[in-house]
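Notes for the one structure printed next.
What follows is calculated from the coordinates using simple rules that are stated; it is not laboratory data. All values reported here derive from a predicted model rather than from experimental measurement. Please note: Cβ atoms are built from the backbone with ideal geometry, for glycine as well, and neighbour counts cover all protein chains shown.
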Amino acid sequence: MLSSVRRTHTCGELRPEHVGQRVVLQGWAQNARDMGGVVFLLLRDRHGLVQAVADERSPASAREVAAGVHLEYVVEIEGTVQLRHAPNDKLPTGLVEVVADTVTILSRTPPLPFSIEGHIHANEDLRLQYRYLDLRRADVQKNLVLRHKAAMIVRRFFDANDFVEVETPVLTKATPEGARDYLVPSRVHPGQWYALPQSPQIFKQILMVAGMDRYFQIVKCFRDEDLRADRQPEFTQIDVEVSFATREVIMELGTKLVQTMWKELIGVDVGDIPVMSYGEAIARYGIDAPDVRFGMDHVTVTDLLATTEFSVVRGLIDAGGIAKAFVVKGGGEGVSRKQLDAWTQFVKRYGMGGLMYGKVGAPWSGPLSKLAQGELDALAAATGAVVGDLVLLGAGPAENVNPGMGRLRNAVARELGLIPPGFKFTWVVDFPSFEKDPETGRWMAVHHPFTSPRPEHLNYLAEGRQGEMLANAYDIVCNGYEIGGGSIRIHDPEIQAQVFGAIGLSDEEAQQKFGFLLDALRHGAPPHGGIAFGFDRIAMLLAGTENIRDVIAFPKTTSAQDIMSGAPSPVDPKQLGELHVANTVKE
Ligand code: ASP
């Protein structure tokens, strides 16, 4: 191991076999206790903790310096390893201590804004402002080490499978992945802008045209979109592209990658990963990234309630809506009115008018008891609800009911502690190629516009049936998180041009935005396909946390700020001038 000039051991290394050895340690004082003539210092570095003591066995000078050490001072201790009288079985080094001959203070600090040790009470903003202090904590360091090991496994895996890691540009042209671009003004070309890549999508396809055959890259991507706990404006992808690949080839590769990572990092056997169609995911779970660790599947009861006299439900169905229900086992007793009110508010966020519930019994209680007895019996039979259960029902437009009831299913299971530990993976396939933008009414690509339709749907384009077209695309989902997604690409320039047309791009626009791709496709493009995995999300799952910032050394807040460095921040007007950018923000 690489050692510093002076340091002989790290703080996690000493054991009884070192007793009697002279050592030099360097680290942070996690604890400093002056017991009147006897000073205990708990020294910490990334490798662990070890106790040093300055007592009657040490020279007076060492005791004096040790007495002046405060929390998180950086110190060097030279001394001899001895067995401890009172071992500490919580520390791997707990059987020994270092009796100091010399104590040197290498660096000082004022009192810290929060304590490094133990459970952190400081709020996250303070921790991010002093990220270097937060990063001293063992569990955060553990996450960064795990992330590093994950990256090593990824590189070994792809190398062993004959992939080449190729870097692609960061200053580039906009790549459409459905988010807003981060733009960088060009100084040399007034009024012209680079975009930071939302992904290396076009470049990796061009690498296939270039004959690289198998590409991967662990790469930063940038998307200016509203953030959530599992999203960051700059994030890392494991980006992959393969020539002459079918969907099955890429899915097998993806399965092997996650099997390898989960096994090697946390000893978990992922096993085979089931495949589900997008249609099934929406029908059973309301969303396309379902958490399949628990049941509570949705049951569509539109037909069953189509003639009900319960006017609210009837009205919504008559207006073209759907009705979906799911069951909370035993929830008839345990769920409070307050919870039901909160769940009602929850689904409203997805545009649902409200949530209807019924406690199964004789008679039923709750708003659903307004249904006829025959309808209630049929509802119970369809959903498998029995006496004592709670049935939750949502009705309205499918685009509201599916996500509303889908997210509610997750929220309820989590709130009631119904999610078993462990990992469940699913592949989701056969996404629609296009969906209508609710604002503009225009067709948009569900994945991205380079995704090939299922071969049997190719002629739908010419027939104007893009709404029915299925994409040759796949997502991989773990515990309700989309951890990867990709597709077989269009390699025929004519079809690519038709797809641009289908999403409303004129020939000129397509040429101006993606002309270089269309040109490349005209120069001998092999059939190809690929996938990108969200590396931060994977690291988050492997680390067992639900906050993506826990696995990123210098993350941004949910308002896209780096509190530590203060980015984003105003710049000198002169700099703006050089970039030909006018400052339009009113003071
Ligand atoms: N570029 C896509 C994404 O970032 C992944 C892919 O299709 O390979 O989601």
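Observations, loosely collected:
- Number of the condition not met by VAL270 [criteria: (1) within 14 Å of the ligand (Cβ to nearest atom); (2) surrounded by fewer than 19 Cβ atoms within 10 Å (Cβ to Cβ); (3) not in a helix (DSSP H, G or I); (4) not charged (D, E, K, R)]: (1)
- Positions within region 451-466 being within 17 Å of PRO493 (Cβ to Cβ) and not in a helix (DSSP H, G or I), in sequence order: THR451, SER452, PRO453, LEU461, ALA462
- Scanning region 168-191 for residues that are more than 16 Å from the ligand (Cβ to nearest atom) and within 24 Å of the chain's Cα centre (by Cα) turns up just one, LEU183.
- Any hit, region 457-464, residues being within 29 Å of MET208 (Cα to Cα), in contact (Cβ under 8 Å) with a residue 60 or more places away in the chain and either away from the ligand (no atom under 16 Å from the Cβ) or crowded, with 19+ Cβ neighbours inside 10 Å (or both): no
- Scanning region 192-219 for residues that are more than 10 Å from the ligand (Cβ to nearest atom) and in contact with a helix residue (DSSP H, G or I) (Cβ under 7 Å, 6 or more places away or on another chain) returns ILE206, VAL209, TYR215, PHE216, ILE218.
- Tally of residues being loosely packed, with under 15 Cβ neighbours inside 10 Å and within 27 Å of VAL65 (Cβ to Cβ) across region 118-137: 2
A quick yes/no check of all residues on (1) in contact with an Asp or Glu (Cβ under 9 Å, 6 or more places away or on another chain); (2) hydrophobic (A, V, I, L, M, F, W, C); (3) part of a helix (DSSP H, G or I); (4) free of Cβ contacts under 8 Å to residues at least 24 places away in the same chain:
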| position | (1), (2), (3), (4) |
| --- | --- |
| ALA378 | no, yes, yes, no |
| LEU392 | no, yes, no, no |
| GLU399 | no, no, yes, no |
| ASN410 | yes, no, yes, no |
| GLY422 | no, no, no, no |
| VAL428 | yes, yes, no, no |
| THR440 | no, no, no, yes |
| MET444 | yes, yes, no, no |
| PRO449 | no, no, no, no |
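- Qualifying positions in region 78-123 - among the polar types (S, T, N, Q) and part of a loop (DSSP other than H, G, I, E, B): ASN88, THR93, THR109, SER115, ASN123
- Subset of region 44-62 [without any contact (Cβ under 8 Å) to a residue 40 or more places away in the chain and either assigned to a strand (DSSP E or B) or not small (Gly, Ala, Ser) (or both)]: ASP45, HIS47, GLU56
- Taking the criterion of being in contact (Cβ under 8 Å) with a residue 12 or more places away in the chain and either basic (Lys, Arg) or in a strand (DSSP E or B) (or both), the residues of region 183-214 that qualify are LEU183, VAL184, PRO185, ARG187, TYR194, ALA195, LYS204, ARG214.
- Any chance ASP318 is among the acidic types (Asp, Glu), over 29 Å from the mean Cα position of the chain (by Cα) and within 13 Å of GLY396 (Cα to Cα): yes
- Residues (part of a loop (DSSP other than H, G, I, E, B) and within 16 Å of the ligand (Cβ to nearest atom)) located in region 467-494: ASN472, ILE490, HIS491
- Filter result (more than 11 Å from the ligand (Cβ to nearest atom), buried (at least 20 other Cβ atoms within 10 Å of the Cβ) and under 18 Å from VAL170 (Cβ atoms)) within region 234-245: THR236
- Helices (runs of 4 or more DSSP H) lying entirely in region 500-587 (those with 1 or more residues that are within 16 Å of the ligand (Cβ to nearest atom)): 507-521, 535-543
- Some residue of region 371-384 being surrounded by fewer than 16 Cβ atoms within 10 Å (Cβ to Cβ), among the polar types (S, T, N, Q) and closer than 20 Å to ALA306 by Cβ: yes
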